[in-house]
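What follows is calculated from the coordinates using simple rules that are stated; it is not laboratory data. Note that the structure is a prediction, hence the values are computed from the model and not measured. Neighbour counts are summed over all protein chains in view; Cβ atoms, including those assigned to glycine, are modelled from backbone coordinates with ideal geometry.
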Amino acid sequence: MAGRMVVGSAALAELVRPASAPDPAGGHRVLPVRPELTGLLPNRGLRRGSTIAVGAGQPRRSGATSLILALLAEASRAGSWCAVVGVPTFGAGAAAEAGIALDRLALVPNPGPEWPTVVAALIDGVDVVVTAVPTTVSASVATRLAARARQRGSVLVPYGRWDGADVTLQVVRGVWEGLGPGRGRLRRREVTVLARGRGAAARPKEIKVWLPGDELTRVIPRSTGAGVGRAAAPRLRVVAPAAAVRPLTVVGSA
């Protein structure tokens, strides 16, 4: 693949339509999600300016990455740009299978110590920014990034513990399907996703959904607090770790 060098956060923002610019689909303030996930979110989608956290779970391979893919798929398919920061294991093949357009996906696998600067730059120019949460992130940095997303009209999706999110989604249970008596292949997983948050999301909700899946959802009422087309794309942009004054490397087809 041919490479392209981008210098500084301002040049990075020019790669994509600024998140604060009018939406080409008509200025919608809510980006779509898969139908089976709408019941987890107060606005039945990803509201611009909001922070939607995804708990990493224990162990970390608990289905949270599949949930992130499912959250991004419909917005990407509808034309939105997405970015994933600090998740070096995030796979382009899995993203394409989930329906994410790779030519509108920016990856920063290892942002390094300039993580807040990289995330802030992407918030300025990308519709949905997923970022793994460093263990050392301070409350003041988290507050500033959430405020920036609110101002710019981007959707911030922290992956890990994030206090103060509008909604936090957590995979609390998961059962694989596909293995027979001693043989077979793992094909899909039925996961239970818990949503809790503030305001309209204060009342916890749970759903069961297949990831990847058959559009099957079962809503579980809770009175008290306690997916997928294939879309191969020609390009994948990978942004190397950098501060605002250092070059960012973007790899993609010319």
Worksheet entry | For the range 65-161, projected area of the alpha-carbon convex hull averaged over all directions, nm² | 5.7
Worksheet entry | Segments 147-159, 82-94, 31-43 sorted - mean Cβ within 10 Å per residue, highest first | 147-159, 31-43, 82-94
Practice prompt. Within the set of other residues whose C-beta is less than 11 Å from the C-beta of Thr143, count the net charge using Lys and Arg as +1 and Asp and Glu as -1.
Written response: +2
Worksheet entry | Base-10 log of normalised Debye intensity for the range 62-117 (one unit scatterer per alpha-carbon) at q = 0.16 Å⁻¹ | -0.47
Worksheet item: What are the ³J(HN,Hα) values, in whole Hz, obtained from phi via the Karplus relation 6.51 cos²θ - 1.76 cosθ + 1.60 with θ = phi - 60°, for each residue of the range 104-118 in sequence order, with x given for Gly and Pro?
Response: 10, 10, 9, 10, 10, x, 9, x, x, x, 8, 3, x, 5, 5
